[in-house]
Amino acid sequence: MKVEMQIKPISIGILMIIYTSIAFFSTMIVYWLMLLFSFLLVFAIKKRESIRLFAFYIILFAIIWLVPSEIFYYGWLGALYTMVLIVLKLFPIWILAVILSGFSTSTIIYSLRSIHLPNYLCIGVAIFFRFIPEYREYLSEIKEGLKARNISINIFRPIYSLELYLVPMIYKAFETGETLSCALITKGIEYDCKKTSYQDLSFTWKDYGVILVGLIFLGVTICQKL
């Protein structure tokens with residue numbers, strides 16, 4: 001399902017840059033406001049996905065606050081605990097990434113070209129966000145394949161469990177690279193001429209509002225740190 005052209009990719013991208021610059025420096029109040037605003041955006045654009053993200057956040061939050069932290073102090077459990085904390089801290093950014101992944105590749109490329117970024121950078125960024133949902137679906141396929149072969153993940157063998165997913169993903173990456181190369185050549189995407197778009201990607205008051213909210217978060221964080 002593609003994102004409706006209400007909020008443009010550039011405004012979401014600018015908000016991601018702002019979030020990234022203050023993610024590890026903001027106070028808890030700003031963090032909760034960033035998280036709330038991100039959830040409001042994804043709910044307005046992709047309601048079904050917002051429910052999944054909210055459920056996932058609640059699960060991670062419960063792991064941190066309901067499970068005694070003493071059991072995470074040693075070994076790989078400590079590393080897992082740290083990873084969960086980082087994911088929670090960066091969750092507002094993950095939500096924005098999910099929103100961007102809903103835009104078509106051509107929309108993202110033309111949006112980046114409109115601000116005169118290099119062509120190779122436009123293509124790289126667009127492909128990255130385009131294949132986030134596809135690789136998520138491929139993870140589900142790997143899970144079903146392991147279930148069919150009666151292979152289960154063992155939390156006490158994290159390296160082995162990681163290999164079960166990592167090796168197929170590497171092969172998928174090689175396959176995706178070959179497919180993309182053929183597609184780029186076929187579409188003549190690197191042809192040196194002026195590119196146009198049939199979609200109206202001009203900014204509206206919604207885009208300016210999204211950027212303004214991000215700038216407010218940035219300003220509050222800077223003032224609190226001075």
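Subtracting the Cα-Cα distance of Leu66 and Ala44 from their residue separation scaled by 0.36 nm leaves 4.9 nm. Between Ile17 and Leu201, the simple spin-label model (points 7 angstrom out along Cα→Cβ) gives 1.5 nm.
Multiplying the residue separation of Tyr138 and Asn150 by 0.36 nm and subtracting their alpha-carbon distance yields 2.5 nm.
Once you order the gyration tensor axes a ≥ b ≥ c over the Cα atoms, which shape class does the stretch 1-62 get: rounded for a/c under 1.5, otherwise prolate or oblate by comparing a/b with b/c? The partial results should precede the final answer.
Working: a/c = 2.51, a/b = 1.14, b/c = 2.19.
The shape class here is oblate.
A simple rule links phi to the HN-Hα coupling: the Karplus curve 6.51 cos²θ - 1.76 cosθ + 1.60 with θ = phi - 60°, which for the stretch 214-226 gives x, 5, 5, 4, 5, x, 5, 5, 5, 5, 6, 8, 6 Hz, with x for Gly and Pro.
The calculated FRET efficiency for Thr179 paired with Ser104, based on their beta-carbon distance and R0 = 25 Å, is about 0.90. Computed from backbone phi, the HN-Hα couplings of the stretch 84-95 come to 5, 4, 5, 4, 4, 5, 9, 4, x, 6, 4, 4 Hz, rounded to whole numbers (Karplus: 6.51 cos²θ - 1.76 cosθ + 1.60, θ = phi - 60°; Gly and Pro given as x).
Return the FRET efficiency for the residue pair Thr82, Ser114: r is the Cβ-Cβ distance, R0 is 35 Å, and the value is rounded to the nearest 0.05.
Numbers: r = 39 Å, r/R0 = 1.12.
It comes to 0.35.
Remark: the Phe24-Ile58 segment gains 10.2 nm on full extension, using 0.36 nm per residue and subtracting the alpha carbon distance.
Read-outs throughout are calculated quantities, based only on the coordinates presented, and are distinct from any laboratory measurement. Just so we're clear, the structure is a prediction, and the values are computed from it rather than from any experiment. Virtual Cβ from ideal backbone geometry, glycine too; neighbours counted across all protein chains shown.
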